[in-house]
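Structure first, commentary second.
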Amino acid sequence: MKLKKLAIAAGIIAAIGTTAVSAAELAVVYNGENVIMNGEIINDRAMVQLDELCTAIGAEALEENGVWSFTKGENTLTYDEKTGKCTVSGAEIALDTAPIMTSDEKLVPVRAFSDALGVKVGWCDEYNEQATIVLHDYDAYMNILKTEKPEIYTLLSMQIKQPEKGAGISDVTMDIDVPAEVSGSSFKLALKLTGTSSVFNGIEASGAVLEKLEIASEEFNLALADVTLDGIYDANTGIMYLKTNAIEKIKDALPSMAEELGSIASILPGDTWYKISLDDYLSLITEMTGVDNSAEMKAMFDGLYGEGFSIDKLVEESVNSEDAVNSPYAFYTVKETVDAIQGMVECGALKVSAVSENSCDVSFAFDIAMVKDYVKAVYANNGVEWTQADEDNFDAGAENVPVMDISCTISVKEEILSDIDMSIKLEMDGMKINLSAKSSFDVGAETEEITLPENAQNLLPLLKPLLLLAETELQNK
């Protein structure tokens, strides 16, 4: 392991070159848990006791006539003491520092051995005021979830992919009413959005109609209807096609901005198709936000339109990326999220059931009674007793909690997201929020071949000047 600092636990100073440090306790974090392994720093490499490493990462070690084999899952590493030859799944690899196999001690290079057995290895210069080896074993963590928290494992690992053909519909409504006594000025929003989608041979077409959007306050009024957005994504080429009359509709609804919006509408007329590649789109998002997650998004698109995509692929990236693998805290975030979800399972708010190997149902319901059950579950998971005083304090505080009724059901059939039904109702101090969203997709529906728009204009050269103009306008204000 290339160490940025050779300061290790107990204030031992590592030597340089081929000089070895006296045996010492090395600080290790394995999947977010603190572990101590005995070892040395040799040739700028961390060497740890063989049995301690195998115990930590769950590997099996066998020796016969000086030939060692280490196995973890489908990964196998062999080391021949006599020849110094090391192989991984039959392919020879070079070791910067050879294992030390004597009757007194058996030390192996933690990076080479862990990498070969599927465990990511990182290094943190200062964690708990000492240099620390970081080991991330995502597969082992998922295996624990599969046994101890099967509902969460099912939720994370269920594959979802785009169907080869079919058709779907969707319907979204929202109403928000905020009286003046809550925020100082009244505010109302009403929205109704409907949509259709169809898929045929790797090409997906969708059409959304904003049937109604009304925003009203003392300072601002906007009423829109029949706003359309049509989109086509060709997974074979990675090209997205878009067409919308939104700019024209907004211009007509806001006479005070007719001149500015008219210029934009002339550049982006509502009857013209535009195209942009997925790579250009993700690069543009990165440029606008300053956050580069294009690789993860590209992987998600490729998965959806390929063999399938699951949430755990994102989770795995969050602990195994180049930056995360050097962070002892990366697994903490994952575990805290999983613990929160588990609390929802234990209080009955979240139910996940595997209907078959490639199908599952997920339901979520949450109200104030569920909140109490969730808090009780958190207490129990942390070994804290829930007392009558806790019950009384919660009930007293609940009087100031908004009325909430949240429910959501999701059905995945044969790796296809087939049905979603969601409802959210919140009320507090006269403020009301209501949301309803439903969608369904039928893989058995008859669909026709989707024709790609001819003569579609390249959107990227038009977007950049418009974004620059908008940025300038904001700066001037």
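Quick look at the numbers
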item	result
Residue list for the stretch 265-300, restricted to those being crowded, with 17+ Cβ neighbours inside 10 Å, at pLDDT below 85 and either basic (Lys, Arg) or in contact with a helix residue (DSSP H, G or I) (Cβ under 6 Å, 6 or more places away or on another chain) (or both)	Ala265, Leu268
Out of Gly202, Gly238, sole residue that is more than 27 Å from Gly444 (Cβ to Cβ) and small (Gly, Ala, Ser)	Gly238
From the options Glu316, Glu296, residue that is within 20 Å of Gln159 (Cβ to Cβ) and free of Cβ contacts under 8 Å to residues at least 60 places away in the same chain	Glu296
Of all residues in the stretch 91-138 being closer than 19 Å to Glu40 by Cβ and basic (Lys, Arg), the one that is nearest to the chain's Cα centre (by Cα)	Arg111
Residue selected from the stretch 84-127 under the condition among the polar types (S, T, N, Q) and farther than 23 Å from Ser321 by Cβ, by the criterion modelled with the highest pLDDT	Thr87
Among (1) free of Cβ contacts under 8 Å to residues at least 12 places away in the same chain; (2) at positive phi - the single one Asp429 does not satisfy	(1)
Residues of the stretch 284-311 classified as of a type outside the set (Lys, Arg) and part of a helix (DSSP H, G or I), total	17
Hits in the stretch 186-199 (condition: of a type in the set (A, V, I, L, M, F, W, C) and crowded, with 17+ Cβ neighbours inside 10 Å)	Phe187, Leu191, Leu193, Val199
Residues of the stretch 420-461 that turn out to be acidic (Asp, Glu) and either exposed (fewer than 13 other Cβ atoms within 10 Å of the Cβ) or touching a Leu at 6+ places or on another chain (Cβ under 9 Å) (or both), as a count	5
Residues satisfying the stated conditions in the stretch 135-169, i.e. assigned to a helix (DSSP H, G or I), aliphatic (A, V, I, L, M) and out of contact with any Cys (no Cβ under 8 Å at 6 or more places or on another chain)	Ala140, Met142, Ile144, Leu145, Ile152, Leu156
Tabulated pairs, the stretch 84-107, first within 16 Å of Ala61 (Cα to Cα), second not in a strand (DSSP E or B), C-beta under 6 angstrom, 6+ apart or interchain	Cys86/Leu95; Val88/Ala116; Met101/Glu81; Lys106/Leu50
Out of Glu214, Glu219, Glu204, sole residue that is surrounded by 18 or more Cβ atoms within 10 Å (Cβ to Cβ) and of a type in the set (Asp, Glu)	Glu204
Any hit, the stretch 138-146, residues being under 26 Å from Asp312 (Cβ atoms) and touching a Gly at 6+ places or on another chain (Cβ under 8 Å)	yes
Filter result for Ile215 (among the β-branched types (Val, Ile, Thr) and over 26 Å from the mean Cα position of the chain (by Cα))	yes
Top-ranked residue in the stretch 178-208 [being of a type in the set (Gly, Ala, Ser) and in a strand (DSSP E or B); ranked as farthest from Leu229 (Cα to Cα)]	Ala190
Subset tally (residues that are assigned to a loop (DSSP other than H, G, I, E, B) and out of contact with any Ser or Thr (no Cβ under 7 Å at 6 or more places or on another chain)) for the stretch 435-449	6
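One line per residue, one yes/no per condition, for (1) over 17 Å from the mean Cα position of the chain (by Cα); (2) within 20 Å of Met422 (Cβ to Cβ); (3) small (Gly, Ala, Ser); (4) modelled with pLDDT of 90 or more:
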site	(1), (2), (3), (4)
Ala330	no, no, yes, yes
Thr337	no, no, no, yes
Ser363	yes, yes, yes, yes
Met370	yes, yes, no, no
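The values are calculated or read from the model by the stated rules, or taken from the named source; none is laboratory data. Every value quoted in this text rests on a predicted model; they were computed, and no experiment measured them. Glycine also receives a Cβ, built like all others from the backbone with ideal geometry; neighbour counts cover every protein chain displayed.
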